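Below is one structure, written out as structure tokens, with a few remarks after it.
No lab work stands behind these numbers, since they all come straight from the coordinates. Since the structure is predicted, the reported quantities are computational estimates derived from the model, not experimental observations. Neighbour counts are summed over all protein chains in view; Cβ atoms, including those assigned to glycine, are modelled from backbone coordinates with ideal geometry.
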Amino acid sequence: MDEWVVLIVRLPAQPSRHRVAVWRELRKVGGLSLGQGVWAVPRVPVFADGIERAVRLTGRAEGEVVVLHAGGREPADAARFRAMFTAAREEDWAEFTADCGKYEAELDKEIRTGKFTLAELEEEEQSLERLRRWHRDLKARDVFGAPGAGPAEHRLAECARRFEDYSERVFAHLHAFAPSEEP
């Protein structure tokens, strides 16, 4: 995996929504920004669709894109590039882990305040699903295995465990107030 896809993107200054759309797409797939309009990803299939979307968005905006396949001139160059890419993934994992902490704090607040409603349960379930999707996306693009991946996976498992606990509390609360079926 010491080959890279490098994109050189030039877009008109206005409207800015085109620049933002291409930037978002390249960030979404895990592109490494190397400078103004220059992005790189490892040359592996997981990045191909995102690169294609960025190329199409650039074309729709009447911009230009050059896509190059590149490798390091020396092994040390490839190692530095790999380290830069892994550092970017490590930042992603840190952000993900922080969001897991926010999710757990939200569950703690709901338990503390006794907010045991089906509507709140559904909202918390949607938040957990968002974390799961984000984890899948990060895992797919972390092709070199950043150190933060393992702790993030454990943190997601803890979020799921905490959600199950909250779910049981909601159903116990609702059941406690359900009318009895006995005469």
Taking Cα atoms only, helix 16-28 is inclined relative to the longest principal axis of the chain by an angle, in degrees rounded to 10, of 70
How big is the gap, in Å, between the Cα center of the range 109-183 and the Cα center of the range 42-70? 36
So what's the projected area for the range 88-176, the Cα convex hull averaged over all directions, in nm²? 5.3
Taking Cα pairs closer than 8 Å and at least 6 residues apart, the relative contact order of the range 1-103 in percent is 38
Where does the chain land on Rg(C-alpha)/(2.2 N^0.38 Å)? 1.39
Mean separation of Cα contacts under 8 Å, 6 or more apart, over the residue count of the chain: relative contact order %: 24
Helix 75-113 axis, angle to the chain major axis (alpha carbon atoms, nearest 10°): 20
Between Asp49 and Ala176, what is the label-point separation in nm under the 7 Å Cα-to-beta-carbon projection? 4.5
What stretch of the chain, leaving out the sites themselves, is the longest with no GluC sites (Glu not before Pro) in a DSSP loop having at most 10 other Cβ atoms within 10 Å? 63-180
For Lys115, Lys28, what ranking results if the residue with the fewest other Cβ atoms within 10 Å of its Cβ goes first? Lys28, Lys115
Which of the aspartates and glutamates could be linked to Lys109 by a straight reach, that is with a Cα gap under 18 Å, when you skip same-chain ones fewer than 8 residues away? Asp99, Glu120, Glu122, Glu123, Glu124, Glu125, Glu158, Glu164, Asp165, Glu168
Where a Cα-Cα gap under 27 Å defines reach, which lysines qualify for Lys28, not counting those fewer than 8 residues away within the same chain? Lys102, Lys139
Compute, for the chain, the length of the dipole vector about the Cα centre, with Cβ point charges of +1 (Lys, Arg) and -1 (Asp, Glu) only. Units Debye, rounded to 20. 1060
